[in-house]
Amino acid sequence: MTEKIAVLLPAYNEEVTIQKVISDFKRALPEADIYVYDNNSKDNTNALAREAGAIVRFEPRQGKGNVVRTMFREIDADYYIMVDADDTYPAAEVDKLLEPLRNGSADMTIGDRLSNGTYSQENKRGFHDFGNNFVKFLINKLYGGNYRDIMTGYRGFNRLFVKNFPVLSPGFEIETELSIHSLDKRFKLVEIPITYKDRPEGSESKLNTFSDGFKVLKMIFNLFKDYKPLIFFSIISIILFILGLFFGIPVIAEFARTGIINKFPSAVLATGFMILAALSFVSGFILDTVVRQNRMQYELKIYDYYRELEK
């Protein structure tokens with residue numbers, strides 16, 4: 001049986017680059033189906049994509065995460081290559097991303113722009129470089145990863161990953177969600193150093209450095225709470241415990257010295273913080289058990305998926 005490869009191009013106002021990206025991937029992967037999902041473009045993106053020979057579909061809900069959700073639901077293939085339609089990633093290096101998927105050493109391959117320094121050389125927006133490294137540092141520390149590039153838009157997936165990935169992000173947080181989900185569910189990951197070039201003249205980035213950066217940090221925070229609730233609520237519990245000690249120690253010292261409590265409001269406040277600290281820890285412990293059960297159910301779902309493939 002011949003393998004089926006799908007190239008996925010989320011696109012929003014990319015008329016400057018869309019045809020070149022399609023033609024580059026047609027040349028690199030002549031056997032692949034190339035899908036362009038137009039996300040409410042106000043220019044000629046969809047017409048130019050059709051003219052270049054791509055399969056064009058539409059996603060009315062604005063945001064890259066919404067596009068990826070629809071792509072993963074609708075498209076059936078053995079291997080998937082997802083790449084931004086802005087002509088910043090090299091189609092000529094796509095086989096590097098496919099090879100670990102084909103030989104079974106990876107469920108997701110990641111086009112790493114940062115290791116060889118091409119992103120730092122080509123990127124003209126300084127805060128983007130800082131943001132990439134900061135997000136990478138946070139995720140690696142919080143989730144025990146070893147990522148070199150978190151926010152890259154050039155990735156490969158096998159069918160197992162795509163059909164068992166619950167997309168929650170509506171927008172540019174999708175890359176962060178993909179990275180964290182992969183670590184939490186212990187998928188096999190391989191990072192491939194690739195060359196990167198800046199957008200051509202006339203093409204504009206849709207990424208807002210600060211608003212989208214805030215959404216990414218919010219996503220990291222929310223997924224940390226959802227995936228590691230015991231650690232998350234233990235940190236809150238420690239903070240509340242310290243506040244309880246801060247207000248409670250003077251009360252206890254006064255009582256030990258005089259046998260009388262005059263700072264009654266401080267005593268009530270300290271008691272409240274201590275109760276909240278205990279409740280927070282217990283909540284984290286209970287939620288950790290729930291998350292563990294969910295992980296077990298997810299693993300069983302993966303087993304069911306393999307059994308379906310064997311039929």
State the percentage of accessible surface on the chain attributable to carbon and sulfur atoms; use a 1.4 Å probe and exclude ligands, DNA and RNA. 61
What shape does the range 1-41 have by the C-alpha gyration tensor, where a ≥ b ≥ c are the square roots of the eigenvalues, rounded means a/c under 1.5, and otherwise prolate means a/b greater than b/c and oblate the rest? oblate
What nm value, rounded to one decimal, do you get for the distance between Ile260 and Leu279 when each label is placed 7 Å out toward the C-beta? 3.3
Normalised by the empirical 2.2 N^0.38 Å for globular proteins, what value does the Cα Rg of the range 49-148 take? 1.27
Within the range 265-311, GluC sites (Glu not before Pro) in DSSP loop having at most 14 other beta-carbon neighbours inside 10 Å: none
Would you work out which of Val21, Leu48, Thr195 lies farthest towards the positive end of the dipole of the chain? Charges go on Cβ: Lys and Arg +1, Asp and Glu -1. Thr195
Any chance you could get the radius of gyration and Dmax over the Cα atoms of the chain, in Å? 24.3, 88
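As an exercise, find the ratio Rg/Rh for the range 170-311 from alpha-carbon atoms, using the Kirkwood inverse-distance average for Rh.
Details: Rg = 24.1 Å, Rh = 19.9 Å.
My calculation of the ratio gives 1.21.
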With a ≥ b ≥ c from the Cα gyration tensor eigenvalues, square-rooted, and the rule rounded for a/c under 1.5, otherwise prolate when a/b > b/c and oblate otherwise, the range 30-72 is oblate
Measuring with a 1.4 Å probe in the full set of protein chains, what accessible area per residue, in whole Å², belongs to the range 152-276? 52
Which value, in Å to one decimal place, does the Kirkwood hydrodynamic radius take for the range 1-120 when every pair of different Cα atoms is included? 14.8
Along each of its three principal axes, how wide is the spread of alpha-carbon positions in the range 142-247, in whole angstrom units, largest first? 60, 35, 25
Which value, in Å², gives the accessible area per residue of the range 11-57 when a 1.4 Å probe is used on the protein heavy atoms? 45
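If you put +1 on each Lys and Arg Cβ and -1 on each Asp and Glu Cβ, how big is the dipole of the chain around its Cα centre, in Debye rounded to 20? It would help to have the intermediate numbers written out before the result.
Working: 39 positive and 40 negative charges, 230 e Å.
Charge dipole of the chain: 1100 debye, to the nearest 20.
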What percent of all Cα-Cα pairs in the range 227-271 falls in each 5 Å bin, counting up from 0? 6, 24, 21, 16, 11, 9, 7, 4, 2, 0
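The values are calculated or read from the model by the stated rules, or taken from the named source; none is laboratory data. All of these numbers come straight from a predicted model, not from anything done at the bench. Backbone-built Cβ (ideal geometry, glycine too); neighbour counts: all protein chains shown. SASA here: full protein model, heavy atoms, side chains in, ligands and nucleic acids out. Shrake-Rupley method; radii C 1.70, N 1.55, O 1.52, S 1.80 Å.
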